[in-house]
Every structure is written in C-alpha cells, then in structure tokens.
1. Collect the residues in segment 103-144 that are more than 19 Å from residue 224 (Cα to Cα), in contact with a Lys or Arg (Cβ under 6 Å, 6 or more places away or on another chain) and not in a strand (DSSP E or B), keeping them in residue-number order.
2. Residues of segment 152-173 being in a strand (DSSP E or B) and either without any contact (Cβ under 8 Å) to a residue 24 or more places away in the chain or exposed (fewer than 10 other Cβ atoms within 10 Å of the Cβ) (or both), which ones?
3. If you check residue 172 against the conditions, is it at pLDDT 90 or above and either within 20 Å of residue 198 (Cα to Cα) or touching a strand residue (DSSP E or B) at 6+ places or on another chain (Cβ under 6 Å) (or both)?
4. For segment 259-293, give me each residue that is aliphatic (A, V, I, L, M) and in a strand (DSSP E or B).
5. Working carefully through the options 127, 144, 148, find the one that is closer than 27 Å to residue 263 by Cβ, buried (at least 17 other Cβ atoms within 10 Å of the Cβ) and of a type outside the set (Ser, Thr, Tyr).
6. Quick check, is residue 256 assigned to a loop (DSSP other than H, G, I, E, B) and either surrounded by fewer than 17 Cβ atoms within 10 Å (Cβ to Cβ) or at pLDDT 90 or above (or both)?
Amino acid sequence: MTTTGVKPKMISNIIAVMLLFLFVSPLFASHVWKLSGDTLILDGEVIEIEKREEKTNIDSLQEVLNNDQKEPNKQWRYYAGAEWSIGAHLSELTYNNSGFTELADFLGDKYPAAMAMGGSLKAGIDISDYVSVYGRFFYGNYLIKGAIFDESSLSPDELRSAFETSDGRLFERYVVFIDPGFEERIEERSVNEYRIGIRSWSLGLNARFYLTGRDKPQTPFVDLGLIHRDLKMEEDETVFGLNSSGEWTKTVISKDQGKQKSWMAQMAVGYLLEMKRGHLLEASLFYEGLPREVYNSTTSERNSSVIGLRLGYSFSFFQ
C-alpha cells in the first residue's frame, strides 16, 4: 500500500542529525576561540587581554622639532687683502697772534696740494651682514708743498713799506732816496716753489658698515677708523711768513721737528663688488686728518689732511 507524505524513517534521521549538531557544536567551538570583551578563550583556557597605555614625552618631541628647525652653526667670514691709494696732501701753516701769513697762503694758495701715495695690507672679519671690523697697516709718502723767496733780493727793512700780490706773484713796495728827496718803487720778487717728502706708516682699527648687506654681490659702504700714524720728514723745511706792512719772518723746521707720532681719525665711503665667490674689488674716497704740528714754542703750527682714492683687492673665506 502506498503512503503519501514523509516516511517515518526519514523523519527519524532528520531528528538524529539535529541532535548530533546540537551536541557537537559546543565541543567544536571550545576547540577554536571565543572573544568576549577583553577575554580570549582558547582550548577551554581563559586568557585576559591587558591594555597598556604608553605616554609619549611631548617635551622630547618638541626638542627634536626645535633641533630640526635650528639654523646651522654660523660661519664667520674672514678676509685679507691689499690696497693702493693716491691723493692730495693739503697743509696750512698758521702763525699764532703774530699777524703773519705763510708765503704760499699770502700768494693765494691757501692749501698747497701735493701728491700723497702709498700701499696697505689689511685683514678683518664680517661680524654680521652689515658690520665688519678690520685692521690695516699703511706705508706711504706725502709731499709738503710751499714757497720761498730770495732774502738777498729784498730791500732793507727800514725802506720797505709793504708786500703786495697779484695773480700769485709777489711785489715789494719800498722807498729809494734820490738827490734831492726820495721816491717809492714797486718791484716783483722771485718766488720759488719747493716740495719736501714725508714718509708715513700707520696701524689702524676700522669699522665698516655695509649699507645694503654683505650677503649681496655688491654694496656701498662707510668706513670709520682710528689710526696711530708716524710721520718723518726727509729734509729740513724753510717757511716764510709775511704781512702787508712789509714785515717778514723765517721758520726753519728741522727733520727732527718734523717727526710726529699721533692718533688721527679716518673716514671713507666706497663700493664693494664680489667678482666671484671670495674675490672682492673695492674703491673708496677717503679723508684723513693728519697730526697737528707745532713749531717755535707754539708761535706757528701746521694743520694738514689727505683726501684721495683707494683701490683694493681682497679674498674672503669662511671658518
């Protein structure tokens, strides 16, 4: 007889499989693992998972960051070089409280100019992009320029009434006795120019200010310095002083008197050009006030100065 539906045997098989699954599943699961919160179960053993928090030292990180941002150690820029200068030596001799005027000045040449030239060595350091300090040794020659006349060509003092000048020429006004009476005459007197050499050497300390910064390939600058200078005349000098009343005086300045040691000021304005890295060319206009020279127990003194052009080459390097 045929029966529709599910056979009783099939139903019993299904029930057996389900019971087997329910029994085996826990066993199987116990051999794998189970994670619940911070607990791990492995092979039936419970393993606690521990959380560890490590604090990061913020100060240490900041220090590392600051070290990375620091500029590299500053390198000093040194330089050394040589210079050549040429200029004019201006001098004026004055007579204190006597009314006399130096002959050259009387003839209209108040500051007789003569050549000055020399060379120097220098070395320094740029302490910043705008300031430099350097030392300089200088050796050179100056000339003193003046005027003299022949004393023997003058008339006797008691007959002379005046000295006069025109177009840089010297004239003497004097009286000549004739029979009967006298007459006044004017005659030109010969005047000769002279030049006397002066040797000079000096040591100085200077400060240089770069107006647009040394980090640029070219920059204008200003120099200010203090110099100790020695001057030595190569021969004796004769200086004539006179006045419009016909009086005159003569001062002989010996070589020993011409030796001078003194501190003096120096200033310059110039331009620096870096041709290629480390090779520098410069040109400047300078002024130097020379030591004041006093003669004849302060009755006369000479004030002089030098203005000129200085050209130089330097080589710079870092350390």
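The values are calculated or read from the model by the stated rules, or taken from the named source; none is laboratory data. If you're wondering where the values come from, they're calculated on a predicted model, not measured in any experiment. As a convention, Cβ positions derive from the backbone with ideal geometry for all residues, glycine included, and neighbour counts pool all protein chains shown.
1. Passing the criteria: only 112.
2. 166, 171
3. yes
4. 264, 265, 267, 268, 269, 272, 273, 275, 280, 281, 283, 285
5. So the residue among 127, 144, 148 that is closer than 27 Å to residue 263 by Cβ, buried (at least 17 other Cβ atoms within 10 Å of the Cβ) and of a type outside the set (Ser, Thr, Tyr) is 144.
6. Working: assigned to a loop (DSSP other than H, G, I, E, B): yes; either surrounded by fewer than 17 Cβ atoms within 10 Å (Cβ to Cβ) or at pLDDT 90 or above (or both): yes.
Yes.
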